[in-house]
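A quick write-up on the structure given underneath.
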Amino acid sequence: MLEITRIRTEKEAIIEGLKKRHFNAEPIINELLEKDEQWRKGKADLDSILSEMNTHAKNIGLLMKDGKKEEAEAAKTAVAELKNREAALKATVDQLDKDILQLMYQLPNVPNELVKAGKNELDNETVFEAGTTPVYDFEALPHWDLAKKYDLIDFELGVKVTGAGFPFYKGKGAKLQRALINFFLSEAEKAGYTEYIAPHVVNEASGYGTGQLPDKEGQMYHIPEDGLYMIPTAEVPLTNIYRDVILPSEDFSIKMTGYTPCFRREAGSYGKDVRGLNRLHQFDKVEIVRIEHPSNTAKALEEMMEHVKGLLEKLGLQFRILRLCGGDTGFAAAMTYDFEVYSAAQQKWLEVSSVSRFDTFQANRLKLRFKTADKKTQLAHTLNGSALALPRIMASLMENHQTADGIVIPEVLQSFTGFAKIN
RNA sequence: GGAGAAAUGGCAGAGUGGUCGAUUGCACCGGUCUUGAAAACCGGCGUACCGCGAGGUACCGGGGGUUCGAAUCCCUCUUUCUCCGCCA
C-alpha cells in the first residue's frame, strides 16, 4: 500500500509511474484525495467536539465534588447535544476512512525507474544470459516421461489421493527433491540467511500484511472454520514476523530463509503449460527474505540476484534473467527479476525464481518501521526471492542432465543425494 | 474438550468510575561529577492522526455497551497460564 502522505505530495509522479503498468491511477487518486480532504476536515471537527466533551466531563467531576448539582446537570445537557453531533460526524469520518482504505488497496506499487513500460511478458527485458543449451544425440524426453521411466514422480497417485496438481515423489525422485531443499538451505545459510521453519497456514492479518489480501484472495486455499489461509509462499509467514515491529536503530539488515511447501489454487490454465511439474497446487520452495534500510535496498537486491545466479550455475543449468516490465510486475513489487531455465527437451523457458523489491509497499501495510538517528520512525524496505522453487528445477535438472541411459546428478548435489546418477 | 485465573508502555509491576496517557523500579538516551569508568544526582524516554504552530484527538489484548466521564463496570471474541481429559 502506498503512503497517503506520498499520494498527497507526489500525485503526478505516481500517476506517471503507474502508467508503466498500463494502470490508470488518475480517477482513483482524485477520488482518494477528495475523500482525504473531507476526512481531514471531518477529523478536525470531530476532535474539537471530543475536546469540548472532555472539558465538560472534567468540569462535571469538579462540580459534583463541590456539590454544585444544578450546574452539573446543565453541563450534562450540553454534552448530550454534543454527543448527537459527535455520533453523526463519527459515522461520516469512519465511512470516509473505509472508503479511503478501499481506494488505497486498489493502487499497485509504483515501478522503479529501471522498469520499462509494458503490457505483459512480451515486453520484459532480458538482462543476463548464461549457460549453453545441451545437445542430445538421442531422443530427449520431457520430465514427465523421465519421471515415469525412472519411477521418480507419480502424478496419477496424486490425483487418486488428493487431486490434479498434487504429485507424489518417490524413491530417488523424493530423495533428489530433499537434496535440493538441503542444498538451497545450506547455500542460503552460507550467504548469511537465518533459517526458519515457519507455519504453513497464516491468519488474515498476515495475508493483508504482505498483500495477498484483499487482492489475490482466490489464489490461496482458505480454511474458513479457523479463519486461516494456506501459504502460497514462505514470504508470507517470514515477512509477517516483522509485522507491527519498530526496529530500534537504523543499523539493521535482516536476512531470513525458509523451506516450506507452497499452496496455490491457480485457476484456469490448460495444455502443455501445466503438464507435469510445470504448474502445481502444492510445490516446495526455499525462499529468501530481507528487511533493509532504504539506502541498502539496491545492494540487497543485487546480492540476492547473485545468490540465485550462483545456485543455477552450480546446478549447471542454462538460464536467463528478465527484468519484468510494468505490466508484468506483481501488484506489490516495485521491481522484479525473473530467472528462467531453458528446457531443451520441452524447448521452452521455465520460471524458477522471482526476486523482487517492495520498498515501503509491504512495510506500510505491515507497519514495519525503524528508528532513525534522530528518533523518528520510518518505514523499512522488504525484499524477497525464490532460491529456489523446486518443481521446475527438478524438471530442468532431469531434462537437461539426461543421457541415453539415465540422469546425471550435478556434483554439488551428490553429497546431499548420496548417488551420482539415476538409472 | 471441561473448570478456573489473567491480559497495562522495551521488561517488571501499581492502578477497581473523575485532572490517568497512566505511580514506581529496571533498561535506554542526554547531562553533572570523575584522569577514565562505575556509583550518585539532574533531565529525558510509547505509537498514530489532524494542525504552520500553539495545541488537539485516539490507543491500557480486539470489538461492542453502560455513563456527563471507563485502564477501572457489563457483553463478546482472541490469547496466555493453572488443573483435568484426550493425543503425536
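Rule-based calculations on the coordinates, nothing more; no lab input. Every value quoted in this text rests on a predicted model; they were computed, and no experiment measured them. Please note: Cβ atoms are built from the backbone with ideal geometry, for glycine as well, and neighbour counts cover all protein chains shown.
I need the Kirkwood Rh of chain A: take the reciprocal of the average 1/r across all distinct C-alpha pairs and report it in angstrom. By the Kirkwood definition, the hydrodynamic radius is 24.4 Å. Close amide H partners of residue A:252, meaning residues 5 or more places away or on another chain with modelled amide H under 5 Å apart, are A:293.
So between residue A:26 and residue A:50, what do we pick up on full extension, going 0.36 nm a residue minus the alpha carbon distance?
Gain on stretching residue A:26 to residue A:50: 5.1 nm.
Using the rule -39500 (n - 2.57) for each DSSP H run of four or more residues, divided by the residues of chain A, the 222 nm mean residue ellipticity is -14000 deg cm²/dmol. Here the label points at residue A:105 and residue A:68, each 7 Å from Cα along the C-beta direction, are separated by 5.0 nm in the simple model. In this rough spin-label picture, where each label sits 7 Å from Cα along the Cβ direction, the residue A:178-residue A:306 distance is 3.4 nm.
Give the calculated FRET efficiency between residue A:37 and residue A:16 to the nearest 0.05, with a Förster radius of 25 Å applied to their Cβ-Cβ distance. Before the final figure, lay out the partial values.
On the way: r = 22 Å, r/R0 = 0.88.
Here the calculated transfer efficiency is 0.70.
Taken along the Cα-to-beta-carbon direction at a fixed 7 Å, the label points for residue A:94 and residue A:421 span 7.3 nm. A Förster radius of 22 Å, combined with the Cβ-Cβ distance separating residue A:200 from residue A:226, puts the computed FRET efficiency at roughly 0.95. Shape class for segment A:304-357, computed from the alpha carbon gyration tensor (a ≥ b ≥ c): oblate, with a/c not under 1.5 and a/b at or below b/c.
Using 25 Å as the Cα-Cα cut-off, could you pick out the over-long pairs in A:116/A:367; A:190/A:314; A:11/A:116; A:41/A:76; A:175/A:314; A:255/A:314? The pairs that break the limit, which is 25 Å between Cα atoms, are A:116/A:367; A:41/A:76. Close amide H partners of residue A:346, meaning residues 5 or more places away or on another chain with modelled amide H under 5 Å apart, do not exist here. Span-like helix check, chain A: qualifying full DSSP H segments, with Cα axial length of 24 Å or more and mean Kyte-Doolittle of -0.5 or more, are A:171-190, A:297-314. Its residue count N sets the reference 2.2 N^0.38 Å, and the alpha-carbon radius of gyration of segment A:4-106 equals 1.63 times that reference.
Short-range pairs are left out: with C-alpha atoms under 8 Å and at least six residues apart, the relative contact order of chain A is 20 percent. Note on chain A: with a GNM built from Cα contacts shorter than 10 Å, the maximum mean-square fluctuation among A:218, A:209, A:17 falls on A:218.
When the convex hull of its Cα atoms is viewed from all sides, segment A:269-366 shows a mean projected area of 7.8 nm². Note on residue A:253/residue A:367: beta-carbon distance plugged into 1/(1 + (r/R0)^6) with R0 of 22 Å gives a FRET efficiency of 0.65.
Please work out how much length the chain gains when fully extended from residue A:161 to residue A:186, using 0.36 nm per residue of separation minus the C-alpha to C-alpha distance, in nm with one decimal.
That works out to 5.8 nm of additional length.
Footprinting exposure proxy ranking of A:183, A:331, A:138, fewest other C-beta atoms within 10 angstrom first, gives A:138, A:331, A:183.
Determine which residues of segment A:368-384 fall in the zone a paramagnetic label at residue A:9 would reach in this model, i.e. backbone nitrogen under 19 Å from the point 7 Å along Cα→Cβ. Answer for segment A:368-384: A:368-381.
Among A:66, A:405, A:359, the residue with the largest mean-square fluctuation in a Gaussian network model of chain A, with springs joining Cα atoms closer than 10 Å, is A:66. Comparing mean-square fluctuations of A:384, A:30, A:109 from a GNM of chain A with C-alpha springs under 10 Å, the top value falls on A:30.
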